[in-house]
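Undergrad: Please read through the structure below; I'll follow up with questions.
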């Protein structure tokens, strides 16, 4: 790929244009894209090399990893491509737990926790008791949300961790995301004894684009 190139990343809010030059990538206003990261591209199937611009499709269990979540997952492990563990990407409307091993995406689980958190106005800090209540009894989620709407963030994170337990238990985890929800996931995973680190979405996108060229 050329020393300086451009990538278009399609998002629900429109198309982002990025310029990649050597080991640096930044958002720009103008440029002709050489690569397009889009869910409209024909999907590839798991397991698959993380490097790519297409979404990934999974048949069992049914699921998919959006193209830009794939890019952020790549960015999260770009500094250690032989790394094995779980990358959790928090997009504005969905969360994606992906098992990564030696630069390959092995499997994934998606949830709607970010969309639910936004719709419910879930904010604040993690409350471990509220998280544990739903994590240990996920069938309590809707009742807990009704009884304590002020604890919605913790309830939703607890339900998500319960659903994704076989992905994160006993694994190293990298969380890609920003804001209260990402911090709540980091805090929740730490309470479970999981080794976890966090990276912002912009940084993960930048690192992912740079990695595509290598």
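The values are calculated or read from the model by the stated rules, or taken from the named source; none is laboratory data. Everything numeric in this text was worked out from a predicted model, so none of it was measured. Here the Cβ is made from the backbone with ideal geometry for all residues, glycine too, and neighbour counts use every protein chain on show.
Undergrad: Any idea how many residues of the range 100-115 are at pLDDT 95 or above, surrounded by fewer than 21 Cβ atoms within 10 Å (Cβ to Cβ) and touching a helix residue (DSSP H, G or I) at 6+ places or on another chain (Cβ under 9 Å)?
TA: Selection size over the range 100-115: 2.
Undergrad: Of the residues in the range 117-154, how many are in a helix (DSSP H, G or I) and closer than 16 Å to residue 183 by Cα?
TA: Adding up the residues that qualify gives 9.
Undergrad: Condition test on residue 204, is it in contact with a strand residue (DSSP E or B) (Cβ under 7 Å, 6 or more places away or on another chain), in a loop (DSSP other than H, G, I, E, B) and in contact (Cβ under 8 Å) with a residue 12 or more places away in the chain?
TA: no
Undergrad: So which residues in the range 105-119 are without any contact (Cβ under 8 Å) to a residue 60 or more places away in the chain and out of contact with any strand residue (DSSP E or B) (no Cβ under 6 Å at 6 or more places or on another chain), if there are any at all?
TA: Listed by number, the residues that qualify are 112, 115, 116, 118, 119.
Undergrad: Now, a different point. Among the residues of the range 4-24, is any in a strand (DSSP E or B), under 26 Å from residue 164 (Cβ atoms), in contact with a helix residue (DSSP H, G or I) (Cβ under 8 Å, 6 or more places away or on another chain) and in contact (Cβ under 8 Å) with a residue 60 or more places away in the chain?
TA: Yes, because at least one residue in the range 4-24 is in a strand (DSSP E or B), under 26 Å from residue 164 (Cβ atoms), in contact with a helix residue (DSSP H, G or I) (Cβ under 8 Å, 6 or more places away or on another chain) and in contact (Cβ under 8 Å) with a residue 60 or more places away in the chain.
Undergrad: Of all the residues that make up the range 91-104, how many are assigned to a strand (DSSP E or B) and either without any contact (Cβ under 8 Å) to a residue 24 or more places away in the chain or more than 14 Å from residue 176 (Cβ to Cβ) (or both)?
TA: 3
Undergrad: When you go through 189, 145, 141, 212 one by one, which is the residue that is under 21 Å from residue 99 (Cα atoms), more than 17 Å from the chain's Cα centre (by Cα) and surrounded by fewer than 23 Cβ atoms within 10 Å (Cβ to Cβ)?
TA: 212
Undergrad: Let me confirm something: among 169, 212, 161, 153, which residue is at pLDDT 95 or above and over 20 Å from residue 115 (Cβ atoms)?
TA: Just a single option satisfies the conditions, and that option is 169.
Undergrad: Of the residues 88, 71, only one is modelled with pLDDT of 95 or more, more than 17 Å from residue 10 (Cα to Cα) and either outside any strand (DSSP E or B) or in contact with a strand residue (DSSP E or B) (Cβ under 8 Å, 6 or more places away or on another chain) (or both); which?
TA: 88
Undergrad: Here's something else I'd like to know. Taking the condition of being surrounded by fewer than 21 Cβ atoms within 10 Å (Cβ to Cβ) and part of a helix (DSSP H, G or I), how many residues in the range 168-181 meet it?
TA: Result for the range 168-181: 2.
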